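The values are calculated or read from the model by the stated rules, or taken from the named source; none is laboratory data. Owing to the predicted nature of the structure, the values given are computational and were not obtained by experimental measurement. Neighbour counts run over all protein chains shown; Cβ positions are idealised from the backbone, glycine included.
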């Protein structure tokens, strides 16, 4: 959450008796994600990244989608959402929006650093239908001093190391910069800004260019009475991946998964595997899906999606507790023993990275028995899993929020855990969580005892 989005939420929620202003709420939607990203998909169709604790990458802060209809543009958050569900045993999320004369079926899937959103419009629509997509992209958690590059069929927003890309399978007709909230708008006690807005520039040429807010006009392909496209976003750390390779990668992903069937096939490749004979199989699928959603490339699991990145109400949930992960491992081993099926494959082990490899060693000191999922120095591989190697991924620098004087443990690429004073970020904190928060599916996060 950035300063602007936090202030906006405060204005909208400050009189609520049951909601905390400035939170990143996730109680009504659904999550998708594997390895590098954790993306929340709301029932209103917009999505947001909760990815920083699991990968150190910051992506979509705000988004909004709408389609051109016979009556004008219809934004999904202004029409009725009839259903939202997981498709089968996968982490693919299907959301259906009913506009009366038309229906939009939205399908979201996150795999690695890529997030796919496929749209299908059925019913009555113009002869040349189109989708309008608004994004507020915050690489390295920055909301200003960003570069924005418009390619022929994609948009790139970058800060220093991290570059965020957005494209569509049907191409991009036009790209519009957006003027972020100005000081007088932020200072206004009751006025809020709704995006996208007609004002695309400010007094200076660079006002709409040096930030991550952008609107894309995306044409829809029409076939057999259905209009469709797939919008794809990619988060990249250029210390690991070259810019040119990343641009080719997001284009290829959009081209390959421009239809729902190909996206469903990709989702099935990453579906959880639960034998049909398992009692209450639906609950087992839901629990194992949650483990996948909350796992980082290191194999560690965060306690839950971090809804309080500024540590205003809690100590943060974007952490791995050794106690909790050890209990999960024990339960999987016990399930393997009692059911006769191998459940240990559901335990994500550390995955190789493109950085310099380093043998897994025993963990170093951590803050109160917990560590960030991205900076875990590693641990001995359990004897029930094949031996493997991993890299130590250093914690990426926090951005924007003022320093509160907290300390956090972070790993260095080839050395022991070190202590340093730093500004709070969604992946570092030292205070205790004080209350529960919503998390995907059936997992309930909690404070430590």
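Values computed for the structure shown
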{"read-out": "Qualifying positions in region 216-250 - under 21 Å from residue 157 (Cβ atoms) and surrounded by fewer than 20 Cβ atoms within 10 Å (Cβ to Cβ)", "value": "217, 238, 239, 240, 241, 242, 243, 244, 245, 248, 249"}
{"read-out": "From the options 238, 192, 213, 167, residue that is touching a helix residue (DSSP H, G or I) at 6+ places or on another chain (Cβ under 9 Å), within 17 Å of residue 66 (Cα to Cα) and in contact (Cβ under 8 Å) with a residue 40 or more places away in the chain", "value": "167"}
{"read-out": "Every residue from region 80-94 that is within 22 Å of residue 272 (Cα to Cα) and over 17 Å from the mean Cα position of the chain (by Cα)", "value": "84, 85, 87, 88, 89"}
{"read-out": "Residues located in region 117-128, provided they are crowded, with 20+ Cβ neighbours inside 10 Å and modelled with pLDDT under 95", "value": "125"}
{"read-out": "Enumeration of residues in region 276-290 that are surrounded by 12 or more Cβ atoms within 10 Å (Cβ to Cβ), farther than 21 Å from residue 107 by Cα and out of contact with any helix residue (DSSP H, G or I) (no Cβ under 8 Å at 6 or more places or on another chain)", "value": "281, 283, 284, 287"}
{"read-out": "Residue in region 141-164 that is surrounded by 21 or more Cβ atoms within 10 Å (Cβ to Cβ) and assigned to a helix (DSSP H, G or I) present", "value": "yes"}
{"read-out": "Condition broken by residue 311, with the remaining ones in (1) at pLDDT below 90; (2) in contact with a helix residue (DSSP H, G or I) (Cβ under 6 Å, 6 or more places away or on another chain); (3) crowded, with 18+ Cβ neighbours inside 10 Å satisfied", "value": "(2)"}
{"read-out": "Subset of region 287-322 (residues that are in a helix (DSSP H, G or I) and either within 11 Å of residue 51 (Cα to Cα) or in contact with a strand residue (DSSP E or B) (Cβ under 8 Å, 6 or more places away or on another chain) (or both))", "value": "289, 291, 293, 322"}
{"read-out": "Residue that is outside the structural domain of residue 281 (by TED's automatic domain parsing) and surrounded by fewer than 23 Cβ atoms within 10 Å (Cβ to Cβ), where the choices are 95, 170", "value": "170"}
{"read-out": "The listed residue being in the same structural domain as residue 43 (by TED's automatic domain parsing) and modelled with pLDDT of 95 or more, out of 175, 104, 193", "value": "104"}
{"read-out": "Condition broken by residue 195, with the remaining ones in (1) assigned to a strand (DSSP E or B); (2) under 20 Å from residue 8 (Cβ atoms) satisfied", "value": "(1)"}
{"read-out": "Conditions (1) without any contact (Cβ under 8 Å) to a residue 60 or more places away in the chain; (2) in contact with a strand residue (DSSP E or B) (Cβ under 6 Å, 6 or more places away or on another chain); (3) more than 19 Å from residue 64 (Cβ to Cβ); number of the one not met by residue 252", "value": "(2)"}
{"read-out": "Strands (runs of 3 or more DSSP E) wholly inside region 1-115 containing at least 3 residues that are touching a residue at least 24 places away in the same chain (Cβ under 8 Å)", "value": "30-32, 39-41, 47-49, 60-69, 80-86, 93-98, 102-111"}
{"read-out": "Residue count, region 266-284 (criterion: part of a helix (DSSP H, G or I) and more than 21 Å from the chain's Cα centre (by Cα))", "value": "4"}
